[in-house]
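Some notes on the structure that comes next.
Just so you know, all these numbers are worked out from the coordinates, no wet-lab data involved. Worth saying up front: this structure is predicted, and the values here are computed from it rather than measured. Glycine also receives a Cβ, built like all others from the backbone with ideal geometry; neighbour counts cover every protein chain displayed.
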Amino acid sequence: MPKPATNRPRNRSTNSEGEPGARGGNAADGGFPRCPPPGSPDDREPGTAIVDLPASRHHEGVSPPAPPPHPGRPETAAPGDSAAPCRPTTGLAAEIGKRCPFECAEEEAYLNLIRTADVLARQFDGLFKARGLSQPLYNCLRILVGAETVAARCPDERGAGARGDGAPFHGLAIREIGDRLVAHAPDVTRLADRLEKLGLAERRRCSADRRSVRVFPTEKGRAVLAELADPVVALHRKQLGHLGADTLGQMSELLEAARRESEDRGAGPPGDGEPRTK
């Protein structure tokens, strides 16, 4: 038998088709309002435009296009590189992995000097280290023995004759050694202390002025320097002999010209072009 019709009111949480309404919830939702699905018109902020994608792309997870690169900034430039467009590098730039050109030709030349000096100096470090020396110590010892040799052969500025005529070598003061060093050393006194501890030099007080201390080479120091003479010359020729005498002469002239310009203008900041008073 058909069931009698009941006069039961319709649930306001469902529409005419039995689906939950926009403002109500069904029994499974506990009667709470349901949030609109993401992307629906009710989920937009006020003033947001609607962009319709083709139906086939609505569910493909299409990402928005990437923003254009910053104007004037190369995409492949590394930190510290020039803002100029990158191009294949050669020479020093390729050796150090620099992908963009140097700021100026002067910078490239300076860095070439530094890198070349480092490569050549490391080979001499190994030569001197085998005899307990460093390059500054070797230079100090060479200066002392060289000054003694010159004093033995030539009269000095005060008119004293050669050592063969009875004129002694007066040694060198710390300041004189520092003035003759090829590379600046911040503490020449410490270098003299080290030579003395190695038995390669000794310090004596000047007989004419007891406040003045002079440095002299020892027999051991002369022997060590003589032992190094041939290996040092051989290494020089191995490093640069392939360039030839003419090229080496031109290189020396160029380096002297660059050094002389810097010395004449002093070590002031950029823009300080006043010649140094001599």
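Computed values, structure above
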| read-out | value |
| --- | --- |
| Amide H within-cut-off set for residue 212, under 5 Å, with H built and near neighbours excluded | 206 |
| Summed side-chain charge close to residue 123 - residues other than residue 123 whose Cβ falls under 12 Å, Lys, Arg +1, Asp, Glu -1 | +1 |
| Residue-count net charge about residue 136 - beta-carbon cut-off 13 Å; Lys, Arg +1, Asp, Glu -1 | +2 |
| FRET E, pair residue 183, residue 130, Förster distance 25 Å, beta-carbon r, rounded to 0.05 | 0.75 |
| Separation between Cα centres of region 193-252 and region 97-130, rounded to whole Å | 24 Å |
| Distance violations [Cα-Cα > 26 Å] among 129/238; 197/238; 98/238 | 197/238; 98/238 |
